[in-house]
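> There's a structure below that I have some questions on.
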Amino acid sequence: MSKVIGITGIMGTGKTTLCTKILEKNKNINCINVDHFRLDLRNNNKEFQKQLFDNIEGLVSLEDINKFIYTNEENMLFYKNTLYNFLNKYLKNQADSQVIVVDWALIIDDNLLDYFDKIILLTCSNEEIYRRLDGAYWPLSEVKHRVSLQLTTDEKINKLKERKKDYLVVNTEEKISYDEIMKFIEE
């Protein structure tokens, strides 16, 4: 059976950077960035597209999907559930004995812990997140809004403890021990 490791944390904490470092240390690890996975599904998977068109009333163009999911909680829930069903199916179909690392900010927030054997939770201060992301993707006001919608680090740790998940917390404002991270992944 594959071992699936989740790398999570608020946007800007360094999830994608950590995945890059992990691949430098072990090229046999399969890293999945859920943002890329989601876009690939949306743009290339006919079954995923059909489910969206069949279940999101008024949707006629995938370019307009954000208008439908960010303004309607029911549509957002359907979109996320559909995405996560495809992700779960993908993870289950990977080769046994493979280590898979999944980069996704909402692993804990969206109650996806059952998909994962271990979790690496990246943290840093909100001020550092704002500094890292200012002007990178969205205006700072949008970054602050998106950060405010996610669970705090303490809330995430409490959920990990409640679910008795094996986890490692890494503060990306401090010196990172990639050897310690690799040991955690490979144990």
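> Look through 80, 89 and report the one residue that is within 18 Å of the chain's Cα centre (by Cα), of a type in the set (Lys, Arg) and farther than 30 Å from residue 25 by Cβ.
Working: 89 fails: farther than 30 Å from residue 25 by Cβ.
Answer to the selection: 80.
> If you don't mind, another one. Could you tell me how many of the residues in region 31-73 are more than 25 Å from residue 103 (Cβ to Cβ), at pLDDT 95 or above and out of contact with any helix residue (DSSP H, G or I) (no Cβ under 9 Å at 6 or more places or on another chain)?
Qualifying residue count for the region: 3.
> To continue, here is another question. Out of everything in region 87-122 that is among the aromatic types (Phe, Trp, Tyr) and touching a Lys or Arg at 6+ places or on another chain (Cβ under 9 Å), what residue ends up being farthest from residue 154 (Cα to Cα)?
Step one: of region 87-122, the residues among the aromatic types (Phe, Trp, Tyr) are 90, 104, 115-116.
Then keep just the ones that are touching a Lys or Arg at 6+ places or on another chain (Cβ under 9 Å); that gives 104, 116.
Working: 104: 18, 116: 20 Å.
Filtering region 87-122 for residues that are among the aromatic types (Phe, Trp, Tyr) and touching a Lys or Arg at 6+ places or on another chain (Cβ under 9 Å), the one farthest from residue 154 (Cα to Cα) comes out as 116.
> Enumerate the helices (runs of 4 or more DSSP H) found wholly within region 1-116, keeping only those where 1 or more residues are open to solvent by 40 Å² or more (accessible area, probe 1.4 Å) and in contact (Cβ under 8 Å) with a residue 40 or more places away in the chain. I'd like the intermediate steps shown before the answer.
Details: elements: 15-25, 34-44, 46-55, 65-69, 73-92.
Once the helices (runs of 4 or more DSSP H) in region 1-116 are filtered for at least 1 residues that are open to solvent by 40 Å² or more (accessible area, probe 1.4 Å) and in contact (Cβ under 8 Å) with a residue 40 or more places away in the chain, what remains is 15-25, 34-44, 73-92.
> If you take just the helices (runs of 4 or more DSSP H) that sit entirely in region 127-187, which of them hold at least 3 residues that are more than 20 Å from residue 17 (Cα to Cα) and either modelled with pLDDT under 90 or open to solvent by 90 Å² or more (accessible area, probe 1.4 Å) (or both)? It would help to see each step written out before you state the result.
Values: elements: 140-149, 153-162, 178-186.
Qualifying helices (runs of 4 or more DSSP H): 140-149, 153-162.
The values are calculated or read from the model by the stated rules, or taken from the named source; none is laboratory data. Keep in mind it's a predicted model, so treat the numbers as computed, not measured. Glycine gets a Cβ as well: all are built from the backbone with ideal geometry, and neighbour counts include every protein chain shown. We work out accessible area using only protein heavy atoms, side chains counted, and drop any ligands, DNA or RNA first. Shrake-Rupley method; radii C 1.70, N 1.55, O 1.52, S 1.80 Å.
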